[in-house]
Amino acid sequence: MREDQRRKVILVTDGDHIAQKAVESVAKELGGRCISLSAGNPTPVSGKQVVELIKMAPHDPVIVMFDDNGDFGKGRGERAIEYVASHPDIEVIGALAVASHTNWVHGVTVAYSVDNQGQIVEGAVDKDGYADQELQHHIYGDTVDILNTLKLPNIIGIGDIGKMDGRDSLQNGCPITKRAVQWIMKRSGAYGDSDGEKTPHLGPN
C-alpha cells in the first residue's frame, strides 16, 4: 500500500461504555468513523481484527478504542495497540492518552493535554481533567504505557472520557473529547480546520 493510501487512525486508551458513546458521537460530528467493536473492558478484539475493521471503514480518520481494564503489565488493549500502530497499512496520526487512577503504571509523557474546560494546556491532567504540574508531563492510565515505545505523533492527555464531573457528558456534546480529536486532526496536517471554524484556540502547534 502506498504511503498516501494508508488509513489514518487516532488511538484512544479507553473503551468503557461511556467512553464508547462519547467517541462515537465525536467521530460522527467531525466526519470520522469510530470502530465500536473495539470498545470493551478489556478490548474484546485482537489487533489483527482491529486492522481489518479499520480497512472496512468508509473514510478517515478512524478512531479506535483500546482498554486493558486495569490488567497488570501489557494487557489485551496494549497488545492490540502495538499491532495496529506497527501495521504497514496504518498511519497513526495521534492518540488520546486517558488518565485514570492507576498506581502501578509508568505512564506516558505528553507535551500537551486538554483540561476539563476544553483548553489545551502544557503538561498533564488527572482523571478529572485538572492540570497538575506535579504530574511532570506524565499521564497515568492502565493502557498508556505502550505509547512510550511506539514513537507516535500528536499524543494528547485527557481526563476520563465522557465524564469529568459531567463536563464531557454526551448531553453536553462531549466538548473535551471533541477538542482533543480536533487538535490531533489539525496538527496532522491532513484536515486543516477540521470542524470548519477558525481554530487558533486549539493551542500550540
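The values are calculated or read from the model by the stated rules, or taken from the named source; none is laboratory data. Since we're looking at a predicted model, the values are computed, not measured. All Cβ positions, glycine included, derive from the backbone under ideal geometry; neighbour counts span all protein chains shown. Heavy atoms of the whole protein, side chains included, go into the accessibility calculation; ligands, DNA and RNA do not. Shrake-Rupley method; radii C 1.70, N 1.55, O 1.52, S 1.80 Å.
Treating r as the C-beta distance of Lys151 and Gln171 and R0 as 35 Å, the FRET efficiency rounds to 0.40. Net length available on complete extension from Gln136 to Gln5 is 43.4 nm, with 0.36 nm assigned per residue and the Cα-Cα distance removed. For region 102-119, the Karplus equation 6.51 cos²θ - 1.76 cosθ + 1.60, evaluated at θ = phi - 60°, returns couplings of 10, 9, 9, 9, 7, x, 10, 7, 10, 7, 9, 9, 10, 8, 6, 9, x, 9 Hz by residue, with Gly and Pro reported as x. The protection proxy used here, the mean number of other Cβ atoms lying within 10 Å of each residue, ranks peptides 24-32, 113-121, 147-155 as follows, highest first: 113-121, 24-32, 147-155. Amide H contacts of Ala97: Ile156, Gly157, Ile158, each under 5 Å away and 5 or more positions distant or on a separate chain (H built 1.01 Å from N in the peptide plane; Pro and chain starts excluded). Cross-link reach is defined here as a Cα-Cα straight distance under 26 Å, omitting same-chain residues fewer than 8 places apart; for Lys55 the lysines meeting it are Lys8, Lys21, Lys28, Lys74, Lys151, Lys178, Lys186. Accessible surface calculations at 1.4 Å, restricted to protein heavy atoms, place region 58-112 at 41 Å² per residue. A convex hull fitted around the alpha carbon atoms of the chain yields 103 Å³ per residue. Relative intensity of region 1-121 on a log10 scale, I(q)/I(0) at q = 0.13 Å⁻¹, equals -0.50, per a Debye sum over C-alpha point scatterers of equal strength in the absence of solvent. The shape of region 3-70 can be summarised by an equivalent ellipsoid whose semi-axes, obtained from the alpha carbon gyration tensor, come to 19, 15, 8 Å from longest to shortest. When the chain is described by a simple charge dipole with +1 on each Lys and Arg Cβ and -1 on each Asp and Glu Cβ, the residue from Ile35, Gln117, Gln136 located farthest towards its positive end is Ile35. Over region 133-177, the pair-distance histogram of Cα-Cα distances with 10 Å bins from zero comes to 23, 42, 31, 4 percent, rounded to whole numbers. Leaving ligands, DNA and RNA out of it, report the carbon-plus-sulfur percent of the accessible area of the chain at a 1.4 Å probe. C and S atoms contribute 47 percent here.
Using the Cβ-Cβ distance between Lys28 and Lys48 with R0 set to 25 Å, the FRET efficiency works out to roughly 0.45. With the simple spin-label model, which puts each label point 7 Å out from Cα in the Cβ direction, the Ser86 to Val121 separation comes to 3.6 nm.
The ellipsoid equivalent to the alpha-carbon distribution of region 100-142 has semi-axes of 17, 11, 7 angstrom, derived from the gyration tensor eigenvalues as √(5λ) and listed largest first. Under a model in which nothing but the beta-carbon of Lys, Arg (+1) and Asp, Glu (-1) is charged, region 1-159 shows a dipole of about 660 debye around its Cα centre.
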